[in-house]
1. Those residues that are touching a strand residue (DSSP E or B) at 6+ places or on another chain (Cβ under 9 Å), open to solvent by less than 30 Å² (accessible area, probe 1.4 Å), part of a loop (DSSP other than H, G, I, E, B) and within 16 Å of the ligand (Cβ to nearest atom), I need them from segment 328-361; list them, please.
2. Any residue in segment 285-299 that is free of Cβ contacts under 8 Å to residues at least 60 places away in the same chain, of a type outside the set (Asp, Glu) and assigned to a helix (DSSP H, G or I)?
3. Step by step: first the residues of segment 170-192, then only those that are farther than 30 Å from Ala86 by Cα and hydrophobic (A, V, I, L, M, F, W, C), then the one that is surrounded by the fewest Cβ atoms within 10 Å (Cβ to Cβ). Which residue is that?
4. State all residues of segment 204-220 that are under 30 Å from Asp322 (Cβ atoms) and not aliphatic (A, V, I, L, M); if no residue qualifies, say none.
5. I'm checking my understanding of the structure. Among residues of segment 47-69 that are within 30 Å of Ser189 (Cα to Cα) and outside any loop (DSSP other than H, G, I, E, B), which one is farthest from the chain's Cα centre (by Cα)?
6. Please verify whether Val148 is among the aliphatic types (A, V, I, L, M) and in contact (Cβ under 8 Å) with a residue 60 or more places away in the chain, treating the condition exactly as stated.
7. Within the group Ala117, Ala155, Ala208, Ala129, which residue is closer than 24 Å to Gly90 by Cα and open to solvent by 10 Å² or more (accessible area, probe 1.4 Å)?
8. Just to check your reading of the model, which residue among Asp162, Asp103, Asp147 is part of a loop (DSSP other than H, G, I, E, B), charged (D, E, K, R) and open to solvent by 20 Å² or more (accessible area, probe 1.4 Å)?
Amino acid sequence: MKILVTGGAGFVGSFLCENLHKSGYDIRIFDNYEPQVHAASHGNLGNLLQPNGLPIKGVEIVYGDTRSPTQLEAALKDVDAVVHLAAQVGVGQSMYEIHRYVDHNTVGTAVLLELLASRKHNVKKVVVASSMSIYGEGGARCSHCGDVTPTLREAEQMKLGDWEVRCPSCNRTASPIPTNELKPVLPTSIYAISKRDQEEMCLVVGRAYDIPSVALRFFNIYGPRQSLGNPYTGVAAIFSSRLLNDRAPVVFEDGNQTRDFVHVTDIVQAISLALAKDEANGQVFNVGTGRPTSIKDVANLLARKLRRDIAPQIENKFREGDVRHCYADISKIQRYLGYKPAVELETGIDDLIAWAEDQQAEDRFDLAAAELAKRGLAR
Ligand code: UD1
C-alpha cells in the first residue's frame, strides 16, 4: 500500500512517514519546504535518507505545492491513501496574510479534491488534518444556565484585564469543560476558517465520491522538530527558543489561558488508526490528551527543564483570534478507534528540549510581535 503524505517533510509529517514506513507502507512525501518552517530544509527527513542523501527503499520525496494541479496529479499516481497535512499554520499571521492562508489551505485542498473527483485513481482513504481552532472558544459551563457555547470575548471586557469567557445568556463567568465534537464550530481566525474548510470539503467530497474520509481535529501539538524559528505558532517551541536565547517567554493575557498539549507521537498514533480502521470513515475526531495546561505553567515548566532562572513576561495583551480555554473530550476517538494518548506533557517536553538544545534556536518572536502590534492584532 502506498500513501501520499502532503506536508510529509514537516513536523508532524516526518514522524508520521517514519512510523508508516516502519509499519510496512510505501510513502510518497509531497512538500513545498515552506521557508518559514523549514529553516534547515530536509532536516526532518534524516531517518528516511541513505548516507548518500537519497531516500531509503519504499520512500519517495517530491517537491510540490498543493495549489498546483499538475504537481499534485503526478503525486497521486498509484497511491492508495492520502494523508493531507500540508497547510500554512499561524493564527495571528493568518489575520493579515489572508489570501496566502486561504490559497494554500482552502484552495490547495480544493485542488486535491477536484483531482480525486475527476481523475482515475486508486485512493481508498483520505485523512485530513483539521484543528481545534475551528471550535473557537472551547466548551463551557455556566453555574446558572448549564452548558453553553461562548462567543469571542469582548474587547471592552479584556481591556479591564477580565480574561475569562462569559455565558452568552446571562453574562456570568463560565468555566471550561472538555470540548467534544458536537460543540458547534465557531472559527475565530482565517487559519481556523481554512481548517474548517479543509475538514468539511474532504468529508463532503469523500461522501459524494465514496472515498472514505476522516478529519482529525488536532489540539496543540508539541515535540521535537517543531519549528523553533517560526514565531507564529507552537507556543512550546516559541518559549523554548526564547529561553535558549536567555530571554523571557512573552505570555499573552495573564497566562492562565489553557490548552491541551498533545505529543507528536500521539498524533501519529491517531493518524495511523484513522488510516487503518473503517470505523473512522466519514467521522471527525478530536485528538488531544483530555488535560488542560495553562500557558504560564508551560513557560515555567520549560524554564525549569532548560535550567533557566527566567520568569515569564506576562503581557496582559490579547492576541486577536486567540481563545481562552480549549481542551479535548477524547472519548469519541477512544471509543471508535482505541486511541490512547501515551505521553504526558511533563515527560514529553523532554523530547522537545533535548532536540531544541541541539538546534540553532533562532528567536524571531520580537519580529512577529512587532508585526502583530503594528496591525493592532495584539493589544
Ligand atoms: C492555534 C490553533 C490550533 C492550531 C495551531 C497551529 C486556536 C485556538 N488554535 O493554536 O488549532 O493547530 O494554532 O497554528 O486557534 N502564546 C503566548 N506567547 C507566545 C505564543 C503564544 O502567550 O509567544 C499563547 C497564545 O496567546 C495562546 C497560547 O499561547 O493563548 C497558544 O498559542 P499557539 O501555540 O500559537 O497555539 P494556538 O493559537 O492555541
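1. Within segment 328-361, just Ile330 meets the criteria.
2. Yes, because at least one residue in segment 285-299 is free of Cβ contacts under 8 Å to residues at least 60 places away in the same chain, of a type outside the set (Asp, Glu) and assigned to a helix (DSSP H, G or I).
3. Taking the candidates together, the pick is Cys170.
4. If the condition is that a residue be under 30 Å from Asp322 (Cβ atoms) and not aliphatic (A, V, I, L, M), then Ser213, Arg217, Phe218, Phe219, Asn220 are the ones that fit.
5. Pro69
6. no
7. Details: Ala117 fails: closer than 24 Å to Gly90 by Cα; Ala208 fails: closer than 24 Å to Gly90 by Cα; Ala129 fails: open to solvent by 10 Å² or more (accessible area, probe 1.4 Å).
Criteria check complete, one pass: Ala155.
8. Answer to the selection: Asp162.
The values are calculated or read from the model by the stated rules, or taken from the named source; none is laboratory data. Just so you know, these numbers come straight off a predicted model, no measurement behind them. Cβ coordinates were reconstructed from backbone atoms using ideal geometry, including for glycine residues, and neighbour counts include every protein chain displayed. Areas reflect the complete protein model, heavy atoms only, side chains present, ligands, DNA and RNA absent. Shrake-Rupley method; radii C 1.70, N 1.55, O 1.52, S 1.80 Å.
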